[in-house]
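Accompanying notes for the structure given below.
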Amino acid sequence: MNKKKILFILLIVIALLPLAIKSNNFRHIMILFVLFAGLGEAWNIITGYAGQTSFGHAAFFGIGAYTSAVFVWKFGILPWYGLLAGGIIALVVASIVSYPAFKLSGHYFAIATLAIGEIILQVFVSWDYVAGATGIMIPMKERGLLNMQFHPRNKLAYFYIIFALFVFVLIITYLVESSKMGFYLKTIRESHEAARALGINTTRYKLYAMGISAFLTAILGGFYAQYVMYIDPFMVFPLSISMQIVLLTVLGGLGNIFGPIIGAAILIPLSQYTRIIFGGTGMGLDLIIFGLLVVVIACYQPHGLVGLIQNIRQKGVEEDERTPARG
Amino acid sequence: MKEPLLEVKGITKKFGNLLANNDVSFNVNKGEIVGLIGPNGAGKTTLFNCITGMYKTDGGQVFFRGRDITNMAPDRICKQGLTRTFQIVKTIKELTVRENVMTGAFLHTNRLKEAEEVADEILELTNLREKAEQPGNSLTIADRKRLEIARVLATRPEMLMLDEAMAGLNQTEIREAMELCLKIKREGITLLIVEHIMEAIMPISDRIVVLNAGEKLIEDKPDIVANNDEVIKAYLGEGYHAKSKKY
Ligand SMILES: Nc1ncnc2c1ncn2[C@@H]1O[C@H](COP(=O)(O)OP(=O)(O)O)[C@@H](O)[C@H]1O
Ligand SMILES: [Mg+2]
């Protein structure tokens, strides 16, 4: 079975699950699962494919969330436009802050993204125009797809919106990966020098990757704001969101389209259920368990769970090939 | 026909107090193979880095096809038709051999199909055709070095610089690598080759430039260089003697 077929079947299963299981709590978890899988895919473009580690993607998530919230709250503009505008603003911000950061090598770039994420959080905390630390309550509108507002118990509608956005993210990721740009990003990840000797303008391609990654991340952030209907800077800009994106993708498989899906399928239920069991924020237990998983995986299987699955399948094929020879 | 394609004029490069390249000048003419030799630490790789824009030089100029390319960005120099391989191979492990070569072919096309066609042509030329579908990290060191050459060839260079493309190869593999160099020359591509293995570089080079402690020692025909006392003293003591030519 090839990659595309497996992905297609996986998507159908994901799309049908919330129909089959009619629990609102389950549907809520499915929404967060698809949202975070999408965030992982977007992050994968800059870090998995291009090899530039970003610890600051919450910044783009938050920018998307704030743009779509402010559009509805201040101007009464449909959230769909807010999603698009948030994506574009994140793309512009990402380009401006990444350009100097790309001059830094390896670890320093990662640290710079960490700092940028925190700076942007602080900007929003003290920015009166967007109500600072108080946060924004999205006003009630007429229910329907246009306003992206439904009866609070109608999780199914929200699920299919985020599912559609997720498919959009996947299509973009697939187009990036299987085009000239994907080849170039993988070359850059391997070696900047080798890339430049092949005529690749490394800064330009890293900027493209970062721009696309930030754009997609912000669109998903925009959806999140419309879904929860109330946001403040600590909800949408925290380091923990950046870290969740990093951890789930690394656990699932860096630079692989299945990685974030597998990672999110483990992390999101884990964190939701520890929250239910231990109450409140789950005492961060989810991230502790998850961190341990990542350490184990990183030590034994640098390609994540996807790599593990591939190894097992590889062994199966080898054994199948050996069988007839024996008989 | 002595038409200089590459002109290196007084290149100087310092690392702190260390003069890695000191006022090095030489030309490479169109269609030639020029060998650049010298003991370890002589400054050969540094010179490559200065010529291809990987390092900022501390003096001197580089001209390619008459154009000043001194301190130009490496990717722009590649687009002018001058590129190089690295002493340490940089195979893209997750990509197949064909896909590795395609990364070079994309310089002149945005289309996957076209890049594939160019890659297949180059794989044919470099005898890597049967290994096209193998992942990059499954290759032997000899094939990896060959793949490095294939990948830069796919950018359709006018001149190619190879940095120790034969290090770590056995006798048969060295012979095959020498044949590949001559084949590339017949394709009309000019070559500047850094090589440690005398038996490999001497027979295929039209001219030899010897570098020692950052300075150019001599520049001449291989047999003259091999018999030069200074060169023998500086370098060729390491087992090779012109008198015992085995090629
Ligand atoms: N990036 C660098 N920083 C400091 N010193 C360097 C650097 N690159 C090379 N050198 C020094 O410059 C000298 C020449 O090195 P190199 O050009 O690699 O020699 P070769 O390729 O001829 O063996 C050596 O003494 C080496 O240690
Ligand atoms: Mg060297």
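Filter region A:175-198 down to the residues that are at pLDDT below 95 and hydroxyl-bearing (S, T, Y), then identify the one that is surrounded by the fewest Cβ atoms within 10 Å (Cβ to Cβ).
Among those residues, the one meeting the criterion is A:S178.
Only one of (1) in a helix (DSSP H, G or I); (2) within 14 Å of another protein chain (Cβ to nearest Cβ) fails for A:L248. Which number is that?
The number of the failed condition is (2).
Looking only at region B:63-117, filter to residues that are within 16 Å of ligand 2 (Cβ to nearest atom) and among the polar types (S, T, N, Q); which one of those is nearest to B:I141 (Cα to Cα)?
Here the answer is B:Q87.
Restricting to helices (runs of 4 or more DSSP H) lying wholly in region A:133-218: which have 3 or more residues that are basic (K, R) and within 14 Å of another protein chain (Cβ to nearest Cβ)?
Here the list reads A:180-190.
Kindly provide the set of residues from region A:90-125 that are assigned to a helix (DSSP H, G or I) and open to solvent by 80 Å² or more (accessible area, probe 1.4 Å), ordered by number. Walk me through how you get there before you give the answer.
To start, the set of residues in region A:90-125 that are assigned to a helix (DSSP H, G or I) comprises A:90-101, A:106-125.
If the condition is that a residue be assigned to a helix (DSSP H, G or I) and open to solvent by 80 Å² or more (accessible area, probe 1.4 Å), then A:I96, A:Y99, A:H107, A:Y108, A:I111, A:I119, A:Q122 are the ones that fit.
Hey, can you tell me all the residues within region B:182-225 that are within 16 Å of ligand 2 (Cβ to nearest atom), modelled with pLDDT of 90 or more and open to solvent by less than 30 Å² (accessible area, probe 1.4 Å)?
B:L192, B:I193, B:V194, B:E195, B:A200, B:I201, B:V209, B:V210, B:L211, B:G214 - these are the residues of region B:182-225 that are within 16 Å of ligand 2 (Cβ to nearest atom), modelled with pLDDT of 90 or more and open to solvent by less than 30 Å² (accessible area, probe 1.4 Å).
Listed here are the residues, each with its yes/no results for (1) within 11 Å of chain A (Cβ to nearest Cβ); (2) open to solvent by 30 Å² or more (accessible area, probe 1.4 Å); (3) touching a residue at least 24 places away in the same chain (Cβ under 8 Å).
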{"residue": "B:K79", "(1), (2), (3)": "yes, yes, yes"}
{"residue": "B:I92", "(1), (2), (3)": "yes, no, yes"}
{"residue": "B:V97", "(1), (2), (3)": "no, no, yes"}
{"residue": "B:H108", "(1), (2), (3)": "yes, yes, yes"}
{"residue": "B:R129", "(1), (2), (3)": "no, yes, no"}
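Got a sec? Which of B:M54, B:M72 is within 15 Å of ligand 1 (Cβ to nearest atom) and within 14 Å of chain A (Cβ to nearest Cβ)?
B:M54
As an exercise: evaluate A:I46 against (1) within 19 Å of the chain's Cα centre (by Cα); (2) open to solvent by 10 Å² or more (accessible area, probe 1.4 Å) and give the number of the one condition it does not meet.
Every condition holds for A:I46 apart from (2).
The values are calculated or read from the model by the stated rules, or taken from the named source; none is laboratory data. All of these numbers come straight from a predicted model, not from anything done at the bench. Virtual Cβ from ideal backbone geometry, glycine too; neighbours counted across all protein chains shown. In case anyone asks, the SASA skips ligands and DNA or RNA and just uses the protein heavy atoms, side chains included. Shrake-Rupley method; radii C 1.70, N 1.55, O 1.52, S 1.80 Å.
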